[in-house]
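A short write-up of the structure that comes next.
Throughout, read-outs are computed from the coordinates displayed, never taken from laboratory work. Bear in mind the structure is a predicted one, so any value in this text is a computation, not a measurement. Using ideal geometry, Cβ is built from the backbone for each residue, glycine included, and neighbour counts are taken over all protein chains shown.
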């Protein structure tokens, strides 16, 4: 008898049962959450045999019903949490200022946060108050921008390179890596291969802006050199800091993807070509993982990362891609970006996706969790808090530590505070611009204290 599973269900039974969930290993479809059970079963069957057949999305009216049900569910969740808090000695009365988020969920997953900044001048690594809060509450960080190739690749030096390979400069990442090593904090490597924020000249002859695209062999050599240099730099100078890499970012595109690729490989973006696809073809994804596996330390995990991973058609394609990579020993996990709203997608869509991906026996990582609000009012921030509470309530039930079948190994908020500089409009964080905890912080802490102790 699985006593851990029974204990988890007992603690949050009302909320879980209201969503039709009894653990990760079971079907998460539920008619009252607006999901057509017949359509969902078709999706599950196709994925169980490793296919990526295109399934129809739920209708707009069904989505509307699902969102309405999600709000009702969150209300039921609050009642459950209040009852659970009373039964556990009013855990919410503990001083949250003295408790670290990372410690409250330490038996479940690494808890990460974004280190924001698009230049060294606005990089939050140099904000002492910001980093003190990071050190207290988190054990993983992600550079949200400055580890991307447009900040690393050097055009002029590459043009003068004697061996024809790209030249890299690590100025934008070294100080943050050093801070991590000095403070015992892990880092997600983000990201090695992405069609966005990779300079166009990197794909062209002579590394020139107006050069022709290079041939496949040349581009594969450049990709290998870039990955090799990046991994050797961080592993030699900051050993043990990087625990995983988002090897390839957002390569699946249901809208205009290559249907012959087997996973709807992205062919374009913003009306222009995907230069990785243009020069190498759909094989660029596997090639990136092959090079990463070749040069990464054995304990470093290799992740495929994408957004809208809950959408049926895209989910099928991601599943097919990752299944193929797994059969070749090239992938360790799937990164699910969490750009979710207060009432979308419905929680069933999220938990169904996590459940389905887990059948590949890969790690699941929530990589860029961001739930924003349209208006910055107390009412909206309370809704934001309920949404975060509901997300972590469900992650608890899905995770293996909570009795489910999903190996959730890290969850990352993609920033610490709202409006980290004058140009930042994000309001999805746990702290306000002055680093005061928002209702969302209180909600997450409450769930951790009440339910993540086991």
The alpha-carbon pair-distance distribution computed for region 302-346, with 5 angstrom bins and whole-percent values, is 5, 22, 27, 21, 14, 6, 4, 1
From the gyration tensor of the Cα coordinates in region 248-389, what semi-axes in whole Å does the equivalent ellipsoid have, largest first, with each one equal to sqrt(5λ)? 29, 18, 14
P(r) for region 333-421, please, calculated from all Cα pair distances in 5 Å bins and given in %. 3, 13, 23, 25, 17, 10, 6, 3, 0
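Hey, can you rank 203-210, 368-375, 445-452 by average C-beta count inside 10 Å, highest first?
With the highest mean Cβ count within 10 Å placed first, the list reads 445-452, 368-375, 203-210.
Taking the convex hull of the alpha carbon atoms in region 403-454, what volume per residue do you get, in Å³?
Numbers: hull volume 4.8 nm³, N = 52.
Once divided by residue count, the hull of region 403-454 is 93 Å³.
Would you mind estimating how fast region 100-253 diffuses translationally, via Stokes-Einstein at 10 °C and 1.306 mPa s with the Kirkwood radius over Cα pairs, in µm²/s? Show your work: numbers first, answer last.
Details: Rh = 16.7 Å.
Calculated translational D: 95 µm²/s.
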